[in-house]
Structure formats: C-alpha cells, structure tokens
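Have a look at the structure below, then the notes.
The values are calculated or read from the model by the stated rules, or taken from the named source; none is laboratory data. None of the values given here were measured: they were computed from a predicted structure. All Cβ positions, glycine included, derive from the backbone under ideal geometry; neighbour counts span all protein chains shown. Ligands, DNA and RNA are stripped out before the accessible areas are found, and what is left, the full protein with its side chains, is counted by its heavy atoms. Shrake-Rupley method; radii C 1.70, N 1.55, O 1.52, S 1.80 Å.
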Amino acid sequence: MKVLVTGAAGFIGSRLSRALLERGDAVIGFDNMDAYYPLVHKQRNLDDLKDFSQFTFIRGDMRTAALLHDVFTQHAPNAVAHLGAMAAVRYSVTHPLLYGDINVQGTVHLLEAARQHGNVPCVLSSTGSVYGRNTPVPFSESAAADQPLAPYPASKRAMELFAHSYVHLWNLPVTILRFFNVYGPHGRPDMMPWQWAVNIHRGQEITLYNNGAIKRDWTYIDDILRGFLAALERTGGYEIFNLGCGNPVENIDFVRILEKLLDRPAKIKDAPVPASEPLITYADIKKARTHLGYEPQFSVEKGLANFIPWMRRWDLL
C-alpha cells in the first residue's frame, strides 16, 4: 500500500508513518512544518523516519489545492491518512480563523483531490472534543455532537460533515476517527502530559482545573495506531469511530502517577474550568471494537512508564 500521510512531521502522523513503513508500506509524508511549537520537535519526528527508503517527504500546505493535485498525480497514493491540522483547544479560542482555514478549508482541498484522482479512500482524524458538554457519557458516535465548546472541535465537526457530503454525492470512501486525549513518546510539547512532566521535574507549578477532578480518557499512542491501521483496511461508505481507552482518569490521579515516575512532588494550583473544557471525556469504544477489532492495551500507568523514559532519553526533562 502507498499512503499519503498529512501532518507526517507531527505526533500521531509521524508515529503512523513509522508503523506503516515498518510493515512494508510506502509513505508520502506531507506537512507544512508550521511553527506553532518549536520545529526541533517535528524535525526529531522526521529524523526517526529518514532511514526508510520508502518514505518520501513533501513540505507543503493543504490550502494549496494545485500542490495537492500534483502530489496525487505524481505519487498515486492508494489511501489517505489525514492527520494534518491545527490542534489545541485553548489556542483555537484566540485564533479561530486559523482553524477554519486549515482544518476545514484545507481538508476540503484534500477531499477534492482524493475525489478527482479516483476516489482514493480517506481516513480522517477528528477529536472526542466534538461531543462538548451536552452528550451523555460514555460518548457514542450516534450522538449529535452539535454543540462544540471551541473553534478546534467546531472545525473538526465541520470537517466530518464536509466528508459526509463527499461520500453522499461522489461515493468517496471516508472513515472518521475521533481521538481521545492521546499521549506518549513523540507527543507535542504543548500537551498536558508533556507540560506537567516538565514542570513537576523542574519544581514548577502546574494548574489543575476543578482541583484535578476533571476526567480525561487518556489514550496511549500505540493503541491509537492499531485503530488507525485497522481503519485503513476499511473499504467504502462513511463511518465514524471513537478511538479512546474507554476508562476516564481524573487529572489528579494522572499527576500522582507522574509524581511517582519522576520522584518529585507536584506543586498544584487550582483554577476554575475554562468555558472551552468539558468536565469529562469518555469514549464508548464498542463500535470500534466490533468493526475494527480495536482493543486498548495500555493503562495510564503503563503508558506513562514508557513516556517518561522517552523524555529522559531525549533530555527533555
């Protein structure tokens, strides 16, 4: 299989690229190398892929429609793994236009290119934050997900709806994967697990909303990858799948595990829950289990026991 992976220099995109390469697939990596966080981290991810002869990297922007068409023409991918996006809920609150531009318009350009080049099957990464606060827990894919709390989940929900129209009108095969609180080696430096680990190690204060009682469905990267690889084997139709751990953990408990691994106490500051944050994320994973054979293997304890040594190995702590 030859797979076009957008966002290939990012966290999940680079890990998916490596998983594909390790099993013998060819990967066309596509990334605009946006400097939202320091590019040294993205370069580390790309360096981890450079020894694979079947990896081709293209620096480009999804908003450039002509470039995407050139990529499809020259490389003829058999599938698209779409992970390129502006992420981060809180950043989206102050930069809403950027999220509409990249996550919505950029995705439409990608869908159009896939349609015009033979209806190449697409797997699109979305987010469990599309469910907002009005969805009963655990969050089921059948929920309306029509009241997102910030521009980031709103842009991802809009992407999902655009994709549905491409399936309905032109039979473009599309699978949507809603990720829940992904963490692990090669994670982004703006994400909570990374920031908490660094601040605890340095003896600096960390902020926990609602005394750390907020619950998150922390999902280890390797579990996400198994679900994504299974989704790439799907053919036809439009489906949405949750990819989470299915076991929400209070943030205070997550931090206590970090304290043990780092052998340092956390200096915790309490703060009110921002309007952009749900009180819980909780994936109902029955559908993914049934149709993708998805079964999470990593508890938070097991996942963080891999993450912290990786950070130390790269002198990030």
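Within segment 76-120, count every residue that is within 28 Å of TYR183 (Cβ to Cβ) and in contact (Cβ under 8 Å) with a residue 12 or more places away in the chain. Residues in segment 76-120 being within 28 Å of TYR183 (Cβ to Cβ) and in contact (Cβ under 8 Å) with a residue 12 or more places away in the chain: 27 in total. Taking (1) in contact (Cβ under 8 Å) with a residue 24 or more places away in the chain; (2) under 16 Å from ILE102 (Cβ atoms) in turn, LEU4 satisfies each apart from (2).
For segment 184-216, which residues satisfy the criterion of being among the β-branched types (Val, Ile, Thr), open to solvent by less than 10 Å² (accessible area, probe 1.4 Å) and not in a loop (DSSP other than H, G, I, E, B)?
Hits for segment 184-216 are ILE200, ILE206.
Would you check if LYS269 is in contact with an Asp or Glu (Cβ under 8 Å, 6 or more places away or on another chain) and under 26 Å from ARG202 (Cα atoms)? When the stated conditions are applied, LYS269 passes them. Being of a type in the set (A, V, I, L, M) and within 30 Å of GLU277 (Cβ to Cβ): is that true of ALA88 here? So ALA88 passes the test. Of all residue pairs spaced 6 or more apart or on separate chains, those with beta-carbon atoms under 7 Å, a first member in segment 198-217 that is basic (Lys, Arg) and a second member that is buried (at least 16 other Cβ atoms within 10 Å of the Cβ) and assigned to a helix (DSSP H, G or I) are ARG216/ASN251.
Give the residues of segment 255-271 that are part of a strand (DSSP E or B) and open to solvent by 30 Å² or more (accessible area, probe 1.4 Å), sorted by residue number. Once the filter is applied, which keeps residues that are part of a strand (DSSP E or B) and open to solvent by 30 Å² or more (accessible area, probe 1.4 Å), segment 255-271 yields LYS267, ILE268, LYS269, ASP270. In the set LEU258, LEU304, only one residue is modelled with pLDDT of 95 or more and over 18 Å from the mean Cα position of the chain (by Cα); that residue is LEU258. Look at segment 143-166: where a residue is at positive phi and a partner is open to solvent by 40 Å² or more (accessible area, probe 1.4 Å) and assigned to a helix (DSSP H, G or I), sitting 6+ places away or on another chain with Cβ atoms under 9 Å, you get ALA145/ARG157.
The number of residues in segment 63-87 that are open to solvent by less than 20 Å² (accessible area, probe 1.4 Å) and over 18 Å from MET1 (Cβ atoms) comes to 3. Can you name the number of the only condition in (1) at pLDDT 95 or above; (2) open to solvent by 50 Å² or more (accessible area, probe 1.4 Å); (3) among the charged types (D, E, K, R) that ARG133 fails? Among (1) at pLDDT 95 or above; (2) open to solvent by 50 Å² or more (accessible area, probe 1.4 Å); (3) among the charged types (D, E, K, R), the lone unmet condition for ARG133 is (1). Answer yes if at least one residue in segment 235-254 is of a type in the set (Phe, Trp, Tyr), part of a helix (DSSP H, G or I) and out of contact with any Asp or Glu (no Cβ under 9 Å at 6 or more places or on another chain), and no otherwise. Within segment 235-254 (the criterion being of a type in the set (Phe, Trp, Tyr), part of a helix (DSSP H, G or I) and out of contact with any Asp or Glu (no Cβ under 9 Å at 6 or more places or on another chain)), the answer is yes, since at least one residue qualifies.
Condition check ((1) open to solvent by less than 10 Å² (accessible area, probe 1.4 Å); (2) closer than 17 Å to GLN74 by Cβ; (3) among the hydrophobic types (A, V, I, L, M, F, W, C)) across all residues:
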{"site": "ALA9", "(1), (2), (3)": "yes, no, yes"}
{"site": "ARG23", "(1), (2), (3)": "no, no, no"}
{"site": "ALA35", "(1), (2), (3)": "no, no, yes"}
{"site": "VAL40", "(1), (2), (3)": "no, no, yes"}
{"site": "GLN43", "(1), (2), (3)": "no, no, no"}
{"site": "LEU46", "(1), (2), (3)": "no, no, yes"}
{"site": "GLN54", "(1), (2), (3)": "no, yes, no"}
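Looking across segment 217-253 at every residue that is under 22 Å from GLU160 (Cβ atoms) and among the hydroxyl-bearing types (Ser, Thr, Tyr), the one that is surrounded by the fewest Cβ atoms within 10 Å (Cβ to Cβ) is identified as THR235.
Restricting the search to segment 272-317, which residues are in a loop (DSSP other than H, G, I, E, B), farther than 18 Å from LEU243 by Cβ and not acidic (Asp, Glu)? Listed by number, the residues that qualify are PRO272, VAL273, PRO274, ALA275, SER276, LEU279, TRP314, LEU316, LEU317.
Evaluation of ALA275 against the conditions (1) closer than 23 Å to THR94 by Cα; (2) surrounded by 19 or more Cβ atoms within 10 Å (Cβ to Cβ); (3) among the small types (Gly, Ala, Ser) shows that the sole unmet condition is (2).
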